[in-house]
1. Go through A:27, A:14 for me and flag whichever is farther than 20 Å from residue B:16 by Cα and in contact (Cβ under 8 Å) with a residue 60 or more places away in the chain.
2. Give me the residue from the range A:57-70 that is in a helix (DSSP H, G or I) and buried (at least 19 other Cβ atoms within 10 Å of the Cβ) and, out of that set, farthest from the other protein chains (Cβ to nearest Cβ).
3. Out of all the residues in the range A:234-249, which are more than 17 Å from residue A:135 (Cβ to Cβ), out of contact with any strand residue (DSSP E or B) (no Cβ under 7 Å at 6 or more places or on another chain) and at pLDDT 90 or above?
4. What are the residues in the range A:71-88 that are assigned to a helix (DSSP H, G or I) and at pLDDT 95 or above, if any?
5. Tally up the residues in the range B:6-40 that are crowded, with 18+ Cβ neighbours inside 10 Å and more than 18 Å from residue B:129 (Cα to Cα), please.
6. Looking at the range A:130-150, can you tell me whether even one residue there is buried (at least 23 other Cβ atoms within 10 Å of the Cβ) and assigned to a helix (DSSP H, G or I)?
7. Give the residue, chosen from B:232, B:218, that is touching a strand residue (DSSP E or B) at 6+ places or on another chain (Cβ under 7 Å), more than 14 Å from chain A (Cβ to nearest Cβ) and modelled with pLDDT under 95.
8. If you check residue A:117 against the conditions, is it more than 14 Å from chain B (Cβ to nearest Cβ), under 21 Å from residue A:241 (Cβ atoms) and touching a strand residue (DSSP E or B) at 6+ places or on another chain (Cβ under 9 Å)?
């Protein structure tokens, strides 16, 4: 494995780390994987997730570029490019593909996005035919009838009651800080638009992987919900899917992280047939 | 910003040089990151601090320790002695690249304790800035364990059932027993010798351990200043990590010292 620094993109403002396998181990025709920021976390990823993924993929013969969008992490802000962060993220993700195509001769790409990173990964996957695979971790969710039924059943969960009582015992300062941290919102595309997008991607032959965690509990709470919320597409068996109800949004527990890395590596290598797995 | 890998090819470390803007100062600054989840929380603040110092004419270097960030090594391979050596290598790299004659060290939390160790072990330093420093390893571990308990109340996940030395994990990061033992052995207020340089302690709020450190340093007779920089906003550790006032204070201190 070899890691190199690269600078690219509009105004040469983007900084990334290119992780390449030993030449003898290169997996022919494997897509190059592109990763960028998760929220405000820099290109290393939360809990060093992207570094570990890139090095694992290199061990399987796959090249990865992890980079910072402009103004985040180690990338400079751009002077031009407008104030629309989403538009800039799309342009810069495409710039990463251009860089890998021009400098490394890569023609096929896989994008992996987590949380807010799903937005640009999804948009570029839809727009750019060079993208042959996309993994969305805690991406778009829509509440279904099954979700609402389970939402009320949670009051019967002993674990939830234990947590509630434990929280009451905490010093007030810690309790309030914890509650404030739970405020979190995102804007999703209309479900009809997303359904159209996924349909088009599958017709194009793009390999899709969806991962959801227990950290999405306010909008996603059971394994079947993924298939229910996109039921017209009949996705079962056609995409890679995993639900890890005990994992949190950033996979802060090492064992959860290891499982996610196994899942993403297997999906990228293409050795796992599409099927639903439980967490 | 100029990113680079430095060190040996088997053990390459990732660093970023922020070149001095305007009139260059003869003193450079090496920023010493904290560890584990504090590294994740403070990366942005360190980038901002590096930019502020560079605009004041300092060549600044920040870097990832072995086994952290983009540097080589597995997360479980972190050891205090290795990271102290990394600080020495980073200082040499900054001097090689820029020609600065002297180097000041700024360390946050564990990074502050590592900076002191590097200076005690012979790294010549123009100044030491200890930012919310880890003074006593045991207290630092207890504080992080309390944060871990808080995290468990915010989520559906159970409290850690085994002690740190058994589960070898702290706030989501591997924390092997050897590193725990290294940390437990750290106590800045009990060091028999202190680097012969000016030391600044920058903190958002008074703490008994800072008082202990101040008394210890006053006994050495070496130049020492304790700067209390009240936190902005609602308080708590996270706001201290991003406090602009702390960054401005550190920049001013180094300008005066250089």
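1. A:27
2. Among those that are in a helix (DSSP H, G or I) and buried (at least 19 other Cβ atoms within 10 Å of the Cβ), it is A:57.
3. Across the range A:234-249, the qualifying residues are A:234, A:237, A:245.
4. none
5. Within the range B:6-40, the subset crowded, with 18+ Cβ neighbours inside 10 Å is B:6-7, B:12-18, B:20, B:25, B:27-40.
Cutting the leftovers down to more than 18 Å from residue B:129 (Cα to Cα) gives us B:6-7, B:12-18, B:20, B:36-37, B:40.
The total comes to 13.
6. No, the range A:130-150 contains no residue that is buried (at least 23 other Cβ atoms within 10 Å of the Cβ) and assigned to a helix (DSSP H, G or I).
7. Working: B:232 fails: touching a strand residue (DSSP E or B) at 6+ places or on another chain (Cβ under 7 Å).
B:218 is the lone residue from the list that is touching a strand residue (DSSP E or B) at 6+ places or on another chain (Cβ under 7 Å), more than 14 Å from chain A (Cβ to nearest Cβ) and modelled with pLDDT under 95.
8. yes
The values are calculated or read from the model by the stated rules, or taken from the named source; none is laboratory data. What you are looking at is a predicted structure, and each value in this text was computed from that prediction instead of being measured. Here Cβ is always computed from backbone atoms with ideal geometry, including for glycine, and neighbour counts include all displayed protein chains.
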